[in-house]
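Report on the following structure.
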Ligand SMILES: Nc1ncnc2c1ncn2[C@@H]1O[C@H](COP(=O)(O)OP(=O)(O)O)[C@@H](O)[C@H]1O
Ligand SMILES: [Mg+2]
């Protein structure tokens, strides 16, 4: 049984004419890492600030535990936020920064000192305790801010892109540390990032946002395997998902997606669904992830290999199928293929997604038993 | 070669111009310094370096009128000790008041937009009217309130007319402080007041120093109000300086000596706090 720690219910926030957060609802379970993921300007920070109480929603409610905190000021909410920038108090030493909230709470001196040193140890700040925090680099500042937040044992820990300014190596290490610390403390964490890879690696569940709206909530695997909209399909995954746009038509008993000279035969896929006829004549987008595109000598689609890149343990092959259509395929690194070669392709039919071009939503088809 | 010649000429011109400006500024200062160390006989001669160097002008400042008579002029001037202390007390207290009130007002203006843009502009009013226009009504009020010639009245008046500088200077500094620092403090459980004192005030310290120095200098040199509103007990240094040259005599030497003392004090203060001034002007460095 999952207990909802934070509930955001129909929250809307406007800045003048701009709707920064548009009727957003979600639940965050106790003890999980919940990530708000989306491009810059989509309303992630605003949502986080509404949860923290720094911003009041125009509409909607926020609950922490069983309490409606919508009108509660931030200092009474027992949540803590690590800011993207200006995370530490620059005029105080690292020690004083970490101790700040404890001093506000009048924690006895010895207990305070013990706690500060413990946290400094965990976050590798021990040899910096007497340095002025403003003198340190951004990645150290983020660690100080994290220690300061953890010190007051908040019910919910909010982090706004805390790793943006760290370099790749530090980021990877910090991400692991963060998860480890979160698991040890069991604290509920809401994490904001625009980096889909970071979200996938860190989160228990992800909420994808765009233009102030919440598009989809789910585990990383759910979001990856079953995107409910074209935006989510595009935003998640690297290399990005292949899309084939066109009108669905039926010619000589076969289903084709056609646009200009592009014509892709999708009969095999369509034949396993019931209500396909209703899609005929509609503008649709077919989405297929590069790893679900196979090199297959008997495949129905033919093209020429244009570019081959090494992508991690695999090869990313760009294949020009039509003048206006290039498909990407991720294949095992030992696959023997060369640029300029003519190849045939097939799709993993289980993993083909169909979206309505107009609404950009996933088209729900019912499967033939 | 011709080009090179022009360049030399231009740079020579530049240095000559700068030199003239420096002389323009420094000659009166040099004149005061020179006068302060000259004996009575040399006050009216035009050379800079005193023939008979003397400390007498300084010594005389701290003595009673009888000694001044010996120097050949007859003026009745009190020892400088009291005006000096008055000036230090009045200027320090009114500066602290102006800076603190200015800080809180600037904070309200910066974060809560009180008292509104017009209200803020309105605070400049005390500086837009020539002081001479309102010194008389103020004298009448103070007279009715039995506040004439008191430290208290000067402190109130000085802080009232300089607070607007405190507000405007500090508003610039507070505007530049990212709000996230205050928000972070609140999320740690600090009340707004605690946040103000523990976070904003220390971060704005360079601004407080800049505003404080500026207001201190203005108040330290103020003559008109002090001249009208004081008489015996609360006389300040600028008023006292003016007493050495007037209908009763022309004591250029002691006057120069006192001017020198009067300017050494703000210079010393400025020097003592220059560390903070430097941080003040490079405030951007503090940020993320
Ligand atoms: N205080 C504010 N005043 C006006 N507009 C704002 C304010 N805060 C955010 N916005 C706008 O709201 C939108 C969402 O911002 P934000 O929540 O910061 O996005 P994100 O964190 O996802 O990048 C942006 O278009 C931003 O410009
Ligand atoms: Mg943001």
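The values are calculated or read from the model by the stated rules, or taken from the named source; none is laboratory data. Bear in mind the structure is a predicted one, so any value in this text is a computation, not a measurement. Using ideal geometry, Cβ is built from the backbone for each residue, glycine included, and neighbour counts are taken over all protein chains shown.
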Conditions (1) surrounded by 23 or more Cβ atoms within 10 Å (Cβ to Cβ); (2) out of contact with any helix residue (DSSP H, G or I) (no Cβ under 9 Å at 6 or more places or on another chain); (3) at the interface with another protein chain (Cβ under 8 Å from one of its Cβ atoms); number of the one not met by residue A:138: (1)
Scope region A:200-213; condition modelled with pLDDT under 95 and closer than 17 Å to residue A:48 by Cα; matching residues: none
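Per-residue answers, yes or no, for (1) more than 12 Å from chain A (Cβ to nearest Cβ); (2) in contact with a strand residue (DSSP E or B) (Cβ under 6 Å, 6 or more places away or on another chain); (3) within 30 Å of residue A:103 (Cβ to Cβ); (4) surrounded by 13 or more Cβ atoms within 10 Å (Cβ to Cβ):
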| site | (1), (2), (3), (4) |
| --- | --- |
| B:111 | yes, no, yes, yes |
| B:124 | yes, no, no, no |
| B:130 | yes, no, no, no |
| B:149 | yes, no, no, yes |
| B:163 | yes, no, no, yes |
| B:169 | yes, no, no, yes |
| B:178 | no, no, yes, yes |
| B:206 | no, no, yes, yes |
Region A:71-98, residues that are touching a strand residue (DSSP E or B) at 6+ places or on another chain (Cβ under 9 Å), touching a residue at least 40 places away in the same chain (Cβ under 8 Å) and part of a helix (DSSP H, G or I): A:94
Residue within region A:186-203 that is part of a loop (DSSP other than H, G, I, E, B), within 30 Å of residue A:12 (Cβ to Cβ) and within 14 Å of ligand 1 (Cβ to nearest atom) present: yes
Within region A:82-112, tally of residues that are more than 14 Å from every other protein chain (Cβ to nearest Cβ) and farther than 13 Å from residue A:152 by Cα: 5
Criterion violated by residue A:164 - all others in (1) assigned to a helix (DSSP H, G or I); (2) surrounded by 15 or more Cβ atoms within 10 Å (Cβ to Cβ) satisfied: (1)
Residue in region B:209-220 that is within 14 Å of chain A (Cβ to nearest Cβ), within 23 Å of residue B:101 (Cα to Cα) and outside any loop (DSSP other than H, G, I, E, B) present: yes
Residue match in region B:17-35 (condition: in contact with a helix residue (DSSP H, G or I) (Cβ under 7 Å, 6 or more places away or on another chain) and more than 23 Å from residue B:263 (Cβ to Cβ)): no
Criterion violated by residue A:28 - all others in (1) within 14 Å of another protein chain (Cβ to nearest Cβ); (2) away from ligand 2 (no atom under 16 Å from the Cβ); (3) modelled with pLDDT of 95 or more satisfied: (1)
Failed condition for residue A:15, given (1) within 16 Å of ligand 2 (Cβ to nearest atom); (2) at pLDDT below 95: (2)
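Evaluate the following for residue A:116: is it out of contact with any helix residue (DSSP H, G or I) (no Cβ under 6 Å at 6 or more places or on another chain) and surrounded by 17 or more Cβ atoms within 10 Å (Cβ to Cβ)?
The answer is no for residue A:116.
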Qualifying residue in region A:207-218 (condition: buried (at least 22 other Cβ atoms within 10 Å of the Cβ) and in a helix (DSSP H, G or I)): no
The one condition in (1) in contact with a strand residue (DSSP E or B) (Cβ under 8 Å, 6 or more places away or on another chain); (2) assigned to a helix (DSSP H, G or I); (3) away from chain B (no Cβ under 12 Å) that residue A:150 fails to fulfil: (3)
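Residue-by-condition table, conditions (1) within 29 Å of the chain's Cα centre (by Cα); (2) more than 16 Å from ligand 2 (Cβ to nearest atom); (3) modelled with pLDDT of 95 or more:
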| residue | (1), (2), (3) |
| --- | --- |
| A:21 | yes, no, yes |
| A:38 | yes, no, yes |
| A:58 | yes, yes, yes |
| A:69 | yes, yes, yes |
| A:74 | yes, yes, no |
| A:92 | no, yes, no |
| A:100 | no, yes, yes |
Long-range neighbours under 6 Å by Cβ, at least six apart or interchain, first residue closer than 14 Å to residue A:84 by Cα and away from every other protein chain (no Cβ under 14 Å) within region A:34-63, second near ligand 2 (Cβ under 9 Å from one of its atoms) and part of a loop (DSSP other than H, G, I, E, B): A:40/A:194
Any hit, region A:38-46, residues being over 25 Å from residue A:181 (Cβ atoms), buried (at least 20 other Cβ atoms within 10 Å of the Cβ) and more than 12 Å from ligand 1 (Cβ to nearest atom): no
Helices (runs of 4 or more DSSP H) (entirely within region B:68-169) containing at least 2 residues that are within 30 Å of residue B:56 (Cβ to Cβ): B:81-112
